[in-house]
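Please read the structure below before turning to the comments.
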Amino acid sequence: MPKISVIIPNWNGKHYLGDCLGSLRKQTFGDFETILVDNGSEDGSVPWVRTEFPEVNVIALPANRGFTGGILGGYEQATGELIVLLNNDTEAHPNWLQSIHAASQAYSRAGSFASKMMYFNDRSRIENCGFDLGSAGTTIDLGRDEPDGPVWAQPRKVFGACGGAAAYRRSMLEDIGFLDDDFFLIYEDVDLSFRAQLRGYDCVYVSDAVVYHRYRMTIGRAPSRQVFYSQRNIEFVYLKNMPLELLLRTAPQRLLYEMGAAIYFARLGAASAFVRAKLSALRCLPSILLKRREIQRKRTRTNSQMQAIMRKSRYSHKWKKFHSAWARPAGQQS
């Protein structure tokens, strides 16, 4: 069995796959398998990959099951000790998997590993180095838009790894479960990271594990869908995972975020998607609370330990987005 299983979800992304799969052929670490899960593409992705990259295990799903469904479909056939997720619109540095494997050996207590994701068309600029979580349940993408340099040249603990280029120990996933398929796409990685932290598993940012990403080239084709899933799923994450004491303590901060988000998306012309998202989350509340009960029952970290891991929510990163909405004509999304 290979040490690493790389799972790539794909939906009509044939034009990206040459760079993505070609970069895996160039990896200096060879003990891995590649699983591409196709979500009912109509662009010929499946026959093209089977012809051009016969070493890839292609799983052709009959319909689009989203990011979560695609990954879970690949996980069913994966055999590696490390489960590595990779977006189809990426290109991995030749030492990417070698660096992840080395980190998994060096940090035996860590359950997951974050890559250094750089912008595809500006390879000196960081997209993210994993993420932290604010005390009110909002994410902070680490290193976003910063030039690469000494600050991000060393490994460090982070709250979680972006699912576009993340590695997870199989043993951790067998303990806490993998992606929640109810998410479909967006914030499923935050949910998994939150469950892992509650259970006592650290996440390590691996500075030498570099991946170049075409940021939002896939999800950006459907901005209203992005708004719906992001604004519904951020409620899923918060309500499933935030310990009750911390939830009550940070309620005013959370309310401030919700008010700001409503104004922001209304300005972008996405008020309908925002409202639909919140109503959908409300309808899902019974199932969320059932999941919450199990997650909180199994957690091993105390409230004080979780509070120490999370950042205080000052929203400076959110205010930048909020301000940018007024720099564009009303109704224009980025």
Here are the criteria: (1) in contact (Cβ under 8 Å) with a residue 60 or more places away in the chain; (2) within 18 Å of the chain's Cα centre (by Cα); (3) open to solvent by 10 Å² or more (accessible area, probe 1.4 Å). Tell me which single one Arg123 does not satisfy. (2)
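Of the residues Phe53, Phe32, which is touching a residue at least 60 places away in the same chain (Cβ under 8 Å) and among the aromatic types (Phe, Trp, Tyr)?
Numbers: Phe53 fails: touching a residue at least 60 places away in the same chain (Cβ under 8 Å).
Checking each option against the conditions leaves just Phe32.
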Please give the number of the condition Glu127 fails out of (1) under 20 Å from Tyr201 (Cβ atoms); (2) in a strand (DSSP E or B); (3) acidic (Asp, Glu). (1)
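Mind checking which residues of the range 172-187 are under 23 Å from Leu97 (Cβ atoms), touching a residue at least 40 places away in the same chain (Cβ under 8 Å) and open to solvent by 10 Å² or more (accessible area, probe 1.4 Å)?
Taking the range 172-187 as the starting set, the residues that turn out to be under 23 Å from Leu97 (Cβ atoms) are 172-174, 178-179.
Next cut, touching a residue at least 40 places away in the same chain (Cβ under 8 Å) only: 172-173, 178-179.
Correct list: Phe178, Leu179.
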Checklist (1) under 15 Å from the mean Cα position of the chain (by Cα); (2) assigned to a helix (DSSP H, G or I) applied to Glu174, failing item: (1)
Here, helices (runs of 4 or more DSSP H) confined to the range 209-288 with at least 2 residues that are in contact with a Phe, Trp or Tyr (Cβ under 9 Å, 6 or more places away or on another chain) and open to solvent by less than 20 Å² (accessible area, probe 1.4 Å) are 223-241, 251-267, 271-283
Counted residues in the range 167-181 being over 10 Å from Ile71 (Cβ atoms) and in contact with a strand residue (DSSP E or B) (Cβ under 9 Å, 6 or more places away or on another chain) come to 9
Out of all the residues in the range 1-60, which are of a type in the set (Phe, Trp, Tyr), part of a loop (DSSP other than H, G, I, E, B) and either farther than 17 Å from Ile100 by Cβ or open to solvent by 60 Å² or more (accessible area, probe 1.4 Å) (or both)? Trp11, Phe53
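The values are calculated or read from the model by the stated rules, or taken from the named source; none is laboratory data. What you see is a predicted model, and the numbers here were worked out from it, not measured in a lab. Virtual Cβ from ideal backbone geometry, glycine too; neighbours counted across all protein chains shown. We work out accessible area using only protein heavy atoms, side chains counted, and drop any ligands, DNA or RNA first. Shrake-Rupley method; radii C 1.70, N 1.55, O 1.52, S 1.80 Å.
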